[in-house]
1. Find how much the distance from GLU244 to ALA219 grows on full extension, using 0.36 nm per residue of separation minus their present alpha carbon separation; answer in nm with one decimal.
2. For region 54-74, list residues with backbone N below 18 Å from a point placed 7 Å from the Cα of ASN164 toward its Cβ?
3. Sorted by packing (mean other beta-carbon atoms within 10 Å per residue), highest first, where do 140-147, 170-177 land?
4. Taking H as built 1.01 Å from N, whose amide H comes closer than 5 Å to the amide H of ILE281, not counting residues under 5 places away?
5. Subtract the Cα-Cα distance of ALA148 and ALA206 from 0.36 nm times their separation in residues, and report this length gain in nm to one decimal.
6. Once you have the Cα-Cα distance between THR83 and GLU157, take 0.36 nm times their residue separation minus that, and quote the gain in nm to one decimal.
7. Give the long-range amide H neighbours of SER230: residues separated by 5 or more places, or on another chain, with amide H under 5 Å away, using H modelled in the peptide plane at 1.01 Å from N.
8. Place the peptides 74-80, 133-139 in order of packing, highest mean first, counting for every residue the other Cβ atoms within 10 Å and averaging per peptide.
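Here, each number is a calculation from the coordinates, and none is a lab measurement. Note that the structure is predicted; figures quoted are calculated from it, not measured. Positions of Cβ are backbone-derived with ideal geometry, glycine not excepted, and every protein chain shown enters the neighbour counts.
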Amino acid sequence: MNLKLGGALCLALSVSVGAQDLTTARFEALRGEPNRTFSEIRSAAERQSVTLTGSEFIIPQLLVGGEWTTTLRFTNRGTAGITAGRAVFADNTGKPVTLTLSQPSGATSSAAGITFGLPVGGMIEVPLSGDANTVFGHVLIDPATCPATLGCSLYAEATLRNRNSTRPDFESVFPSETASELQYMLFDHRNGYSSVLYLINLNTSATTAEIDFRSPTNASIRTIQVSLQSAETQILTPHALAPETIGLQGTMVIRAVNAATRGLITATGLRVNPSNSFTPIRGFVPR
């Protein structure tokens, strides 16, 4: 990645059982009475509520300096306040990095992290900036900020902005994540599109990440390995690492295969169009 980067048809995936074909992925237009089907699915979704695990303590995207700024946002949507929150900024080597923080008053200060408090329903915004040199890494939130045993509920996200006077700003938002030994990410390298993979090793020891590029039919296209030092962040260009994927779409299977303990990694990315504007790609953890 060049850090100087400048009525509606309703479709449904058909996953069939019984005598129908389970070997071919396919879709067709949704049939039946739309309002009734929508109501049935909505009711089912309401019953199948999603609860956060309480372990989303990594903000996986931090790009500051040069054309880049990052703004952090934290909110507490629980039933108990947060009184002693802490978050630290790490560069790509996993070491603390000092950045410029802007207060709502306009005053600035330099620090390698923040402490914060959040009453129930409260929110804070932390704009970060740097100098002419681009720094990338991640933000690590102290898990003691909002333990699972308390009634607080912390959510955090980062907004990346790339500003160049020759064109409109490019922005992407990345939510906080939890680390996992296995993650998936979709890629699309057709029609001049490319992707950027942002990989973080959250272990205190070196880890090898295996990336298996697989086709829409789940056939392996190419498998590569990436060595990550303790707490290291790497920005990778999948279409360069696996040129066989150019002109194709598919799934990256990202697995920690060689770690002293558990191979805890996070994976996020950017989908870049031919004009170099971008949108986020989020890794997802399998069930």
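1. Numbers: separation 25, 0.36 × 25 = 9.00 nm, distance 1.27 nm.
Extra length from GLU244 to ALA219 when fully extended: 7.7 nm.
2. In region 54-74, the label zone of ASN164 (backbone N under 18 Å from the point 7 Å along Cα→Cβ) covers 63-70.
3. Details: 140-147: 17.1, 170-177: 19.2.
Highest mean packing first, the order is 170-177, 140-147.
4. It is GLY269, LEU270, ARG271, by chain and number.
5. Result for the pair: 18.0 nm of gain on full extension.
6. On the way: separation 74, 0.36 × 74 = 26.64 nm, distance 1.94 nm.
Full-extension gain reported as 24.7 nm.
7. Those qualifying (amide H under 5 Å, at least 5 residues apart or on another chain) are ALA206.
8. Values: 74-80: 17.3, 133-139: 20.0.
Top to bottom by mean Cβ count within 10 Å: 133-139, 74-80.
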